[in-house]
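Visitor: Input: one structure, supplied below.
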Amino acid sequence: MPAAVAAALGLQDRAGEDPLKVAARFLRSRRLLLVLDNFEHLEEAWPVVLDMLTAAPGLRIMATSRRRLGLRAEYEYELAPLALPAFDPPLQPRVLREVPAVKLLLARGRAVRPHFELDNANAAVLTRLCHRLDGLPLAIELAAAQLRDHSETELLDDLEVSLAALPAAFRDLPDRQRTVTATIEWSYQLLDETERQLFDQLGVFAADPTVAAVSRICGSTPATEAEAEDLLTGLAHHSLLRRYADAAGAKRVSMLQAIREYARDRLASRGEAATVRRRHTEFYLGLAETVGPRLWGHDQVDAFRLLNADAPDLRAALLWAIGPDGSTDLALRLVGHLWHYWELTGDAAEQCEIALKLVAVTPNAPPALKAPALSGTATLCWILGRNDEASDFHHRALEAFQAAGNDQGVAWTTMCLATQAAERDDAVSAQRLAAEALSLPQSSPRTRVAALIVLGLSAFYAGDQARALKLCRECVERARPLGDRWLLGIALVNLAECTELAGDHDTAEQLLYEALGAALKLGAQGHVVAFLESLAGVYAAEHRAELAIRVLSAADAYRTDRGIPLYPAEQHRVESVITKARTEAGPIRFGLAWAGGQALTLTQMLLEVLQAKKESSQQQPAADLHFHVPAEQSTKSALNAAPW
């Protein structure tokens, strides 16, 4: 290194002299910046850096490295990837163009496609491209070079498979920087064998695991968190990962997607891959079994956030469990504990297909194992409007719960069948099944509330408004102490619709805002769309036609995108609101408002609704919206369990 520094300063001709002394003598009286690039491969030369700094007071050295030198004179500056654009709400093109990652992609894309531009048509694709590339300048440059022969969509499709699909594009780069893989390999070669083993095994994770997960899953045997911390510290010093604490205070490990892919490929080449993947699935099954039941009670918000934080790894665990090397028993348990989480997210299409295939190949599984999975499969089908399949699976779940001697499961499934009967306009069966669920001694508190909701809806659609209002109020009273915001939201919406029909629009609006607030605090979007549709009905009744149209249009776009249909009674109600709003607005204003709503994400629509709430001049005190809590419903310990 001293010889290289001397050569860069033009001092290489001083034959016979120590190049370090030559360079130090030259630098002593000068103020210069010396750049030492990629210093991670020259770590043993740190004394040279120290000697030059000591000999030349006016010298400053910038050393780029994937790990620090560890000198007292050193000031660290972490160079992060380029800033990425937000997904939701999406940015307008004029704003998106100024986001650093997008700006570089556009600049380098124009080098190979002169008329390459960002507009409304490709804004979403370019946003996803930048995220897929982690905002890494080298990856962006390599990807942009492919725009000569590929469209943006084609390039994104290739990269969704693997970043290794990016070929070398530039001759004037050193070998270690010609591909993303070569750049990571450059750092990987610096690791010792223990660090390499941990790094490879980190490829099993789909997202950002906790340190606790790493300690349980990685290594030849489960390690303590302290041991895992030490190894992770070493990898962090090599800039191969980043550690942080999430909102709940859990210590987590983050890797760029390109680095995780490299680790995944390394893991696949090891003979221990199957063992690591099983440990991964068993760990996340344990998380689902511990946290899943809390989704029904007072800890619902924290439970949902915990599962949401690990959602990619829960999905990866399920995919492995149903694969050729997996375990259908583990898969059944995962479906049985996670279906309600998927219901809350409103994202059920992929999970429903997995569950359907799973229960089809496990007809002889033990009833206690099979029953929750069948019930979950039924609910996923119901969310997607596959009502005949849902009914079939609920009946099979009922038989399995009965065979397993699970009376709470029997009561819950009976209530589910009552709900489906109500949606088929089979009021007689709905009332009979709901009454049966209420009469069963082992019915959980939430099963009873859900059964009362069915009876209230039956009364509402039968035109018995007095009974419907009484039952809806009772549902809200019983739901409040359960701590289940999802169930409370449904009860509040039903009460709001009864109140609206009675002509009290202001109270109905406030009840719906409370339901939305409960759902937003939970962070789940699974039922928010239905709450918005009910709110649109109030807006239409209050002659706020354009806002009602925009809300219904955004809800329609969300349902179409997710494949979530309306059942007949809901469809009839929504169509009547649309007809009323169209009549008031006229065809031109209706068309403009509908087109505007179609372009909005659910998040954007919620922001608009919250702004409308803020601007509303008539707001009822929150105290008027709460109901008396019966003493017999206040036992918290009985309310935190799952419905069976």
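Visitor: Separation of region 296-333 and region 450-505 by C-alpha centroid, Å?
Guide: Region 296-333 and region 450-505 have Cα centres spaced 32 Å from each other.
Visitor: Set Lys and Arg Cβ to +1 and Asp and Glu Cβ to -1, take the dipole of the chain about its Cα centre, and tell me which of V551, A212, V22 lies farthest positive.
Guide: V22
Visitor: Something else about it: Going highest first, how would you order 374-384, 73-83, 190-200 by mean Cβ packing within 10 Å? Before the final figure, lay out each step's value.
Guide: On the way: 374-384: 25.1, 73-83: 10.0, 190-200: 16.7.
Highest mean packing first, the order is 374-384, 190-200, 73-83.
Visitor: Sequence-distant or interchain residues sharing an amide H contact under 5 Å with L34, placed H: which?
Guide: Excluding prolines and chain starts, which carry no amide H, the hits are R60, I61, M62.
Visitor: If you place +1 on the Cβ of every Lys and Arg, -1 on the Cβ of every Asp and Glu, and leave all else neutral, what size is the dipole of the chain about its Cα centre, to the nearest 20 Debye?
Guide: Result for the chain is approximately 1160 debye, rounded to the nearest 20.
Visitor: So how strong a dipole does region 174-318 carry about its Cα centre when Lys and Arg Cβ are +1 and Asp and Glu Cβ are -1, to the nearest 20 debye?
Guide: 340 debye
Visitor: State the label only: which of (1) 24.0, 76; (2) 30.2, 91; (3) 30.4, 106 corresponds to Rg and Dmax of the Cα atoms in Å computed from the shown model?
Guide: Entry (3).
Visitor: Next question. Would you order F283, F393 from fewest to most other beta-carbon atoms within 10 Å of each residue's own beta-carbon?
Guide: If I rank by nearby Cβ atoms, fewest first, I get F283, F393.
Visitor: So how do H115, H505, H395, H572 line up by other beta-carbon neighbours within 10 Å, fewest first?
Guide: H115, H572, H395, H505
Visitor: Between A86, G135, L34, whose Cα lies farthest towards the positive end of the dipole of the chain when Lys and Arg beta carbons carry +1 and Asp and Glu beta carbons carry -1, centred on the Cα centre?
Guide: L34
Visitor: As I understand it, the dipole of the chain uses +1 on the Cβ of Lys and Arg and -1 on the Cβ of Asp and Glu, about the Cα centre. Which of L440, T54, N364 lies farthest toward its positive end?
Guide: Most positive-ward Cα: T54.
Visitor: Restricting the count to DSSP beta bridges whose residues both fall in the chain, what percent are antiparallel, rounded to a multiple of 5?
Guide: 50 percent
Visitor: Ranking M62, M605 by Cβ neighbours within 10 Å, fewest first, what do you get?
Guide: Starting with the residue having the fewest Cβ neighbours, the order is M62, M605.
Visitor: Using a cut-off of 28 Å between alpha-carbon atoms, which lysines can reach K357, once sequence neighbours fewer than 8 places away in the same chain are excluded?
Guide: K370
Visitor: Using helices alone, I'd like the mean residue ellipticity at 222 nm for the chain: each DSSP H run of four-plus residues gives -39500 (n - 2.57), total over residue count, nearest 500.
Guide: -19500 deg cm²/dmol
Visitor: In the structure displayed, which of K521/K613; K103/K614; K251/K521; K580/K613 lie more than 25 Å apart, Cα to Cα?
Guide: K103/K614
Visitor: If r is the Cβ-Cβ distance from H395 to K580 and R0 is 60 Å, what FRET efficiency results, to the nearest 0.05?
Guide: According to the calculation, E is roughly 0.95.
Read the figures in this text as sums done on the coordinates, not as results from a lab. Please read all numbers here as calculations on a predicted model, not as lab measurements. Glycine gets a Cβ as well: all are built from the backbone with ideal geometry, and neighbour counts include every protein chain shown.
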